[in-house]
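S.K.: Below is a structure I'd like to ask you about.
The values are calculated or read from the model by the stated rules, or taken from the named source; none is laboratory data. Owing to the predicted nature of the structure, the values given are computational and were not obtained by experimental measurement. FYI the Cβ positions are ideal-geometry reconstructions off the backbone, even for glycines, and counts take in every protein chain you see.
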Amino acid sequence: MNAPGSNRDEILAALRGRLHRQDGDGGAEAVATRIAKPARGPIPARGAGGHEARVALFVAMAEEVAARVVRVPSPEAVPEAVADYLKSENLPAEVRLAPDPGLTGLPWDSQPLMAVSEGPARPTDPVSLTGAFAGIAETGTLMLTSGAAGPTTLNFLPETHMAVLKASDITGCYEDAWDRLRVVQGAARDGGTLPRTVNLITGPSRTADIEQTIQLGAHGPRRLCILLVDDGEA
Amino acid sequence: MDTTSPSFKENARKALADPLVARSRGHIKAGFIAKRRKAVDRLPEFEALRDAARDIKNHTLAHLDLYLERYEAQVLAAGGRVHWCPTAEHARQAVLEICRAAGARTVTKGKSMISEEIGLNDFLESQGIVPVETDLGEYIIQLRNEPPSHIIAPAVHLTRTEIEAAFRSHHDHLPAERPLSEPADFVNEAREILRQKFVDADVGITGANFLVAETGSSIIVTNEGNGDLTQCLPKVHIVIASLEKVVPTLDDVNVILRVLARSATGQECSTYTTFSTGPRRPGDADGPEQYHVILLDNGRSNMLGGEFQEALRCIRCGACMNHCPVYHAVGGHAYGWVYPGPIGAVLTPAFIGIEKAAHLPNASSFCGRCEAVCPMRIPLPKMMRHWREREFERHLTPRAARWGLGLWAFFARRPRLYHAATALAGPALRAMAGGRGRLRRLPLAGAWTDHRDFPAPEGRTFHQIWAERQKGRQP
């Protein structure tokens, strides 16, 4: 093995040689410009409608990939909606909450029969409830971000993943969701950093590795339930 | 990974007689092709997205050195490390050092073609570290100790019967009389067994579909969720990726993501697309404490700036093999190395040498379907032709073929003689065929007539018909 650094120099020198890179050839400026001003590609027209159309598209696309969408009138109605969903699916009345004040502060007292805890997922937790940073109508996709209030393990370990999404957080396309995140985190050009993990989640886990037959619940959640809070337009 | 590419002809002969290969062909045709068509038809912007995706990669490859430097700086800023590896051996050693430093005994693995390329599993085992593949297809072929036959559906060549046998012999702690026939039985059994492995692993290794220069993120695109459990539970996350995976910005990723899943499985979007940037942050509730990127060259820098550069646009969707009549006929294993199908016929000679892989670019009818469906518009047939030319220049082409090409060239350069010869050859072959119109045997054409009859020319030559048509058009 060479000393660290020399492998790097060797590879970069090979690349520069093949590309005939020279100082002042404008390459560095082209790269800096592209990073500073990210350019959007073609955006599918399907997500371009107004708020109502966006929400309708999000619901239709999410249901197409076997996610369940439950409309709830307000955040305060979430605990009851969680209890109702678990009952309807014959699942245990037990939920692990993301340590997000927007979720832990909800009226869980209204559901005395439900076992509620909070924190990262443990291998035995059957059901998780997380927030969602955004919904993307184009493909019925959730965007979730990691952090103190968003343990990533909750999105993957439990058999049932439930996520609260505000209708006002539904965007038409991926680009709009990323732009929102760039605003929250600070864009990379300004020294901002993405959260450790950003998950785009479209439906529950699946595989087609056995004779090309789609089977839900491969390693991640078998069920994805989106609690869509109708909070009106952003 | 070891190669059997030099014996492609023998591999293909065996595969043609193998009923398993024939059955997987049915799965591929019924599944991938129809689903891709449907997804493409639903998105009016698809062709424009293909153009944009091609342009993004062309721009990136033209500035690859600069984007990699920018990418590395962002990974470091996020608290991660980048290990530059010129060869497979460098990459294996870098992974080993990280595992040793972490005191790892078991590593879980998400699906990674680079891992296959550098033969990582065998190497780790030889060093006393147990690698556990967690993608269901990869897990099955790991149990069977065989390479993947498809880049996104590694076990597509297997039926439930073979998978049942592998599960029963390896999961012998489970009741022998348990039912194991429906897809759900296999999925649930693997899920239960691998769950504990996810929790116990010291290190998680994933591949990367993309690296983002803007943010220093690595991206995996999966359906099962195994890649995410692999990377969010252990204390160390290792990403193994090759140089050409880098793209400039998140906006560029969005464009390519829109063509990736549709071209691969026909999904609008894969279930999980995960962006990872550095290790766990202060205050984070979970996530790995270390984040390492193994950045592999292994022959790619040599492809830059030459006639094979465009192959570096490949995003490993598998559409070219799904639509390839040769892949359908012989299956993935016949190609004898990591990447099968048309993209394999272009990449394999570049990575292991044309002298070992000369058969692969010749195993094409140049029907052009691969290029027609490639989301990145890679001119695969043109590149296979370049390899054939190199093979010829380096005198690797067999003597009989060189002699035949020389003979053809002699006639082709003398149009009158060529026309006279073809005018004679047609009727001669017709006469040899008797009234059947087909030839069972033909000198020098045994490779054809051993498997099927050679159709005898039925009428006039193309040139004759063309000349008559042109005459008929005259006013």
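S.K.: Collect the residues in segment B:127-181 that are charged (D, E, K, R), over 25 Å from the mean Cα position of the chain (by Cα) and within 11 Å of chain A (Cβ to nearest Cβ), keeping them in residue-number order.
M.R.: B:164
S.K.: Could you check, for segment A:136-152, whether at least one of its residues is within 19 Å of residue A:67 (Cα to Cα), at the interface with another protein chain (Cβ under 8 Å from one of its Cβ atoms) and among the hydrophobic types (A, V, I, L, M, F, W, C)?
M.R.: Looking through segment A:136-152, none of the residues is within 19 Å of residue A:67 (Cα to Cα), at the interface with another protein chain (Cβ under 8 Å from one of its Cβ atoms) and among the hydrophobic types (A, V, I, L, M, F, W, C).
S.K.: Answer yes or no: is there a residue in segment B:238-251 that is in contact (Cβ under 8 Å) with a residue 40 or more places away in the chain, in a strand (DSSP E or B), buried (at least 22 other Cβ atoms within 10 Å of the Cβ) and within 9 Å of chain A (Cβ to nearest Cβ).
M.R.: no
S.K.: Which members of segment A:98-131 meet the condition of being assigned to a loop (DSSP other than H, G, I, E, B) and either of a type in the set (Lys, Arg) or more than 12 Å from chain B (Cβ to nearest Cβ) (or both)?
M.R.: Matches in segment A:98-131: A:105, A:106, A:107, A:111, A:112, A:113, A:114, A:122, A:125, A:126.
S.K.: If I ask for residues that are of a type outside the set (Ser, Thr, Tyr) and within 12 Å of chain B (Cβ to nearest Cβ), which ones from segment A:156-179 would you list?
M.R.: A:156, A:157, A:158, A:159, A:161, A:173, A:175, A:176, A:177, A:178, A:179
S.K.: Go through (1) closer than 26 Å to residue B:232 by Cβ; (2) touching an Asp or Glu at 6+ places or on another chain (Cβ under 9 Å); (3) among the hydrophobic types (A, V, I, L, M, F, W, C); (4) away from every other protein chain (no Cβ under 14 Å) for residue A:82 and report which single condition fails.
M.R.: Tallying (1) closer than 26 Å to residue B:232 by Cβ; (2) touching an Asp or Glu at 6+ places or on another chain (Cβ under 9 Å); (3) among the hydrophobic types (A, V, I, L, M, F, W, C); (4) away from every other protein chain (no Cβ under 14 Å), residue A:82 fails exactly one: (2).
S.K.: Also, I was wondering about something else. Which one of these does residue B:351 not meet: (1) out of contact with any helix residue (DSSP H, G or I) (no Cβ under 7 Å at 6 or more places or on another chain); (2) hydrophobic (A, V, I, L, M, F, W, C); (3) part of a loop (DSSP other than H, G, I, E, B)?
M.R.: Here residue B:351 meets the rest and fails (3).
S.K.: Consider only pairs whose beta carbons are under 7 Å apart and that are at least six residues apart or on different chains; among these, list those whose first residue lies in segment B:167-183 and is within 13 Å of residue B:144 (Cα to Cα) and whose second residue is outside any loop (DSSP other than H, G, I, E, B).
M.R.: Once the first residue is within 13 Å of residue B:144 (Cα to Cα) and sits in segment B:167-183, its partners that are outside any loop (DSSP other than H, G, I, E, B) give B:167/B:186; B:167/B:189; B:170/B:143; B:171/B:189; B:171/B:193.
S.K.: Next question. Which residue, of A:31, A:69, A:95, is within 9 Å of chain B (Cβ to nearest Cβ) and either touching a strand residue (DSSP E or B) at 6+ places or on another chain (Cβ under 9 Å) or buried (at least 20 other Cβ atoms within 10 Å of the Cβ) (or both)?
M.R.: It is A:31.
S.K.: Suppose we filter B:107, B:95 for residues that are over 29 Å from residue A:39 (Cβ atoms) and in contact with a Phe, Trp or Tyr (Cβ under 9 Å, 6 or more places away or on another chain); which single one remains?
M.R.: The match here is B:95.
S.K.: Quick test of your reading of the structure: residue B:263 fulfils all but one of (1) outside any helix (DSSP H, G or I); (2) within 21 Å of residue B:150 (Cα to Cα); (3) touching a residue at least 60 places away in the same chain (Cβ under 8 Å); (4) not β-branched (Val, Ile, Thr). Name the failing condition by number.
M.R.: Failing condition for residue B:263: (1).
S.K.: Separate question: Can you pull out the residues in segment B:363-402 that are assigned to a loop (DSSP other than H, G, I, E, B) and within 20 Å of the chain's Cα centre (by Cα)?
M.R.: The answer is B:363, B:364, B:365, B:366, B:367, B:368, B:374, B:375, B:376, B:377, B:378, B:379.
S.K.: Output yes when any residue across segment B:9-26 is without any contact (Cβ under 8 Å) to a residue 40 or more places away in the chain, within 10 Å of chain A (Cβ to nearest Cβ) and in a helix (DSSP H, G or I), and no when none is.
M.R.: Within segment B:9-26 (the criterion being without any contact (Cβ under 8 Å) to a residue 40 or more places away in the chain, within 10 Å of chain A (Cβ to nearest Cβ) and in a helix (DSSP H, G or I)), the answer is yes, since at least one residue qualifies.
S.K.: Follow-up. Here is a list: B:88, B:104. Which entry is assigned by TED's automatic domain parsing to the domain that holds residue B:195, within 21 Å of residue B:245 (Cβ to Cβ) and at pLDDT 95 or above?
M.R.: One residue alone meets the criteria, B:88.
S.K.: Of B:146, B:117, B:138, B:133, which residue is closer than 16 Å to residue A:208 by Cα and acidic (Asp, Glu)?
M.R.: The unique qualifying residue is B:138.
S.K.: To continue, here is another question. Could you check segment B:315-329 and list, in sequence order, the residues that are surrounded by fewer than 24 Cβ atoms within 10 Å (Cβ to Cβ) and either in the same structural domain as residue B:237 (by TED's automatic domain parsing) or assigned to a helix (DSSP H, G or I) (or both)?
M.R.: Those that are surrounded by fewer than 24 Cβ atoms within 10 Å (Cβ to Cβ) and either in the same structural domain as residue B:237 (by TED's automatic domain parsing) or assigned to a helix (DSSP H, G or I) (or both): B:325, B:326, B:328, B:329.
S.K.: Ok, one more. Taking segment A:195-215, which residues are aliphatic (A, V, I, L, M) and at pLDDT 95 or above?
M.R.: Matches in segment A:195-215: A:198, A:200, A:201.
S.K.: Going by what's in this entry, would residue B:286 be described as assigned to a loop (DSSP other than H, G, I, E, B), among the charged types (D, E, K, R) and in contact with a helix residue (DSSP H, G or I) (Cβ under 6 Å, 6 or more places away or on another chain)?
M.R.: yes
S.K.: State the number of residues belonging to segment B:47-98 that are within 17 Å of residue B:112 (Cβ to Cβ), facing chain A (nearest Cβ under 9 Å) and among the small types (Gly, Ala, Ser).
M.R.: Residues that pass the stated criteria total 1.
S.K.: Please work out which one of (1) more than 9 Å from chain A (Cβ to nearest Cβ); (2) outside any loop (DSSP other than H, G, I, E, B) is the condition residue B:234 fails and give its number.
M.R.: Tallying (1) more than 9 Å from chain A (Cβ to nearest Cβ); (2) outside any loop (DSSP other than H, G, I, E, B), residue B:234 fails exactly one: (2).
S.K.: Taking the options B:440, B:413, B:430, name whichever one is modelled with pLDDT of 90 or more and more than 30 Å from residue B:318 (Cβ to Cβ).
M.R.: Result: B:413 is the single residue among B:440, B:413, B:430 that is modelled with pLDDT of 90 or more and more than 30 Å from residue B:318 (Cβ to Cβ).
S.K.: Do we find a residue being polar (S, T, N, Q), in contact with a strand residue (DSSP E or B) (Cβ under 6 Å, 6 or more places away or on another chain) and at pLDDT 95 or above anywhere in segment B:148-169?
M.R.: No, every residue in segment B:148-169 fails to be polar (S, T, N, Q), in contact with a strand residue (DSSP E or B) (Cβ under 6 Å, 6 or more places away or on another chain) and at pLDDT 95 or above.
S.K.: Related question: Output the residues belonging to segment A:197-231 that are touching a helix residue (DSSP H, G or I) at 6+ places or on another chain (Cβ under 8 Å), at the interface with chain B (Cβ under 9 Å from one of its Cβ atoms) and among the charged types (D, E, K, R).
M.R.: Of everything in segment A:197-231, those that are touching a helix residue (DSSP H, G or I) at 6+ places or on another chain (Cβ under 8 Å), at the interface with chain B (Cβ under 9 Å from one of its Cβ atoms) and among the charged types (D, E, K, R) turn out to be A:209, A:211.
S.K.: I would also like to ask the following. Looking at B:201, B:184, which is the one that is of a type in the set (Gly, Ala, Ser), under 20 Å from residue A:219 (Cα atoms) and within 10 Å of another protein chain (Cβ to nearest Cβ)?
M.R.: Going through B:201, B:184 in turn, the sole match is B:184.
S.K.: Against the definition (more than 14 Å from residue A:93 (Cβ to Cβ) and assigned by TED's automatic domain parsing to the domain that holds residue A:216), how does residue A:124 come out, yes or no?
M.R.: yes
S.K.: Do we have any residue at all in segment B:377-397 that's more than 23 Å from residue B:53 (Cβ to Cβ), surrounded by 21 or more Cβ atoms within 10 Å (Cβ to Cβ) and aliphatic (A, V, I, L, M)?
M.R.: The answer is no; no qualifying residue exists.
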